[in-house]
Every structure is written in C-alpha cells, then in structure tokens.
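The values are calculated or read from the model by the stated rules, or taken from the named source; none is laboratory data. Since the model is a prediction, treat every value here as computed from it, not as a measurement. Note that each Cβ is placed from the backbone with ideal geometry, even for glycine, and that neighbours are counted across all protein chains shown.
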C-alpha cells in the first residue's frame, strides 16, 4: 500500500470513529470540547503533524490518549491547552479552563509553597491551602517533618532538600490542585520516570483527586488506560481508534490491541 493510500485509509477510519462517537452521545456541544478538521504543520516540516482531526471531548470524561512517539499526541494537547495557535480547522473550548502537567515538569529550586504556587501562575496561596494540597497528594507528613515545613527549600542549591522522583511527581500533581477553577486536566506523560506499576498508582491518585473534572492523560504505556472512560489511539497525525479498553481489545488486529499485548508482561 502506498503512503498516500495509507493516510487516506486512516483518515476514513478516523471519520467512522467520529461518527460512531457522536451518534452515541446526547451531551450538548456547550458541555464539550469540539475539534473540527483540525490540522497542524510545524514550520519547515514537510508533513502535517495533525491531519483533519475531528473529535468531541465531553465534560467529566477520563480519557487516555495513547500512541507511539511521533503520532501527534503532544501536538494535539498543545493546541487544546492553547500553546499552539496557528492551526487549520477549529478548536472550540466552550469556556473550559485548562491546566496541565507535562513530562518535563519543572523541579524548581524554590520553597515547597512556591513550587505549588507555580500551578496558579505564582499567585500566593494561604498556608492552609498549601497544607491541604500536600495532604491530598500524600506529601504533608514528609514536608511538615522538616524544620521549615512548607517553606523548606527544594533542590541541591542553598542546602535544599532533594525529593525523590515520585515525590516530585506528587508535587507536580499538587500544582493542578492549586488552580481549582480549571475543569480540564491535561497530563502529558508526567509519570514517565516511574516504573510501570508506580505509574498506575500515581494515575489512580490523579483520578481520585480529579472528581468531576475532565482528565486527558497521554502515555505510551497502557497499564492504566483500561481504567479510562474512553481511549483515543493516535497514529500518523489522526485519531484512528476510539473506545473503551474492552471494545478496542476486541479488535484483535487493531492498533491498541497490538500495543497492549506487546506490554502485557510489564503489568503481570
């Protein structure tokens, strides 16, 4: 099959998945984020990073976006969160407020309190609010055991306290909680430095904390994806599969089923 034919086939499949999805929901568009014929091409790139993506993300859904490197996942969430604006097509956010934790989240040489306040654009939080966030992400006892408590300086400079990778991950999740008005959480492989089983534990914590917010998490590891309400599979700049874990596993030769089987031993 020629490359152009393959792209056409994938686009046709994506359109079919979109139609099935829209036919099975009665949620009005004002309670959804709607992408229509979304395309994006990076400057000086020969190919499009995204090709005619049509997608509806509904309020309160917990969604896994999976796919191999270069499939368009990060480009898609960059447009959703407003980091990329020169796209073709439409991205209707309908008043949703986004906050995100990315794979390379900042590990700032500042106090614990200041690190959490990064999540709300540096706006000062009360000590009570910071302590409440630390309790929710499981860091309260550790941080309050330090002489300076929430004013403990982190990092290796100025005799700071160095956190483990897992503790930094939890602190990054705390930044999401620092902006309570945000009703969409985007997580772009924030657990990439954790082993697969620790990653599952972290995602469970995130889901428990998110409540009725919409959560879109991106990963190329699929251990926790089966717990999502919905799984989107990205390939060649489009969404080529869309469904629950079980419905996608029933497609024995599908993208998701093949990816999951290749990783099954990680979660045995």
Item to complete: Of the numbered conditions (1) surrounded by fewer than 21 Cβ atoms within 10 Å (Cβ to Cβ); (2) touching a strand residue (DSSP E or B) at 6+ places or on another chain (Cβ under 8 Å); (3) in a helix (DSSP H, G or I), residue 172 fails exactly one; give the number of that condition.
Response: (1)
Fill in: Qualifying residue in region 184-207 (condition: assigned to a loop (DSSP other than H, G, I, E, B), more than 25 Å from residue 50 (Cβ to Cβ) and in contact with a strand residue (DSSP E or B) (Cβ under 8 Å, 6 or more places away or on another chain))
no
Item to complete: Starting from residues that are over 12 Å from the mean Cα position of the chain (by Cα) and in a helix (DSSP H, G or I), keep the ones in region 208-227 and report whichever is farthest from residue 182 (Cα to Cα).
Response: 226
Practice prompt. Please state which one of 60, 70 is surrounded by fewer than 18 Cβ atoms within 10 Å (Cβ to Cβ), assigned by TED's automatic domain parsing to the domain that holds residue 256, modelled with pLDDT of 50 or more and out of contact with any strand residue (DSSP E or B) (no Cβ under 9 Å at 6 or more places or on another chain).
Written response: 70
Worksheet, complete the sentence: When (1) crowded, with 18+ Cβ neighbours inside 10 Å; (2) over 19 Å from the mean Cα position of the chain (by Cα); (3) assigned to a loop (DSSP other than H, G, I, E, B) are applied to residue 117, the one that fails is (3)
Item to complete: Would you point out which residue out of 258, 230 is surrounded by fewer than 16 Cβ atoms within 10 Å (Cβ to Cβ) and at negative phi?
Response: 258
Response to the item:
Every listed condition ((1) under 22 Å from residue 122 (Cα atoms); (2) buried (at least 21 other Cβ atoms within 10 Å of the Cβ)) holds for residue 238 save (1)
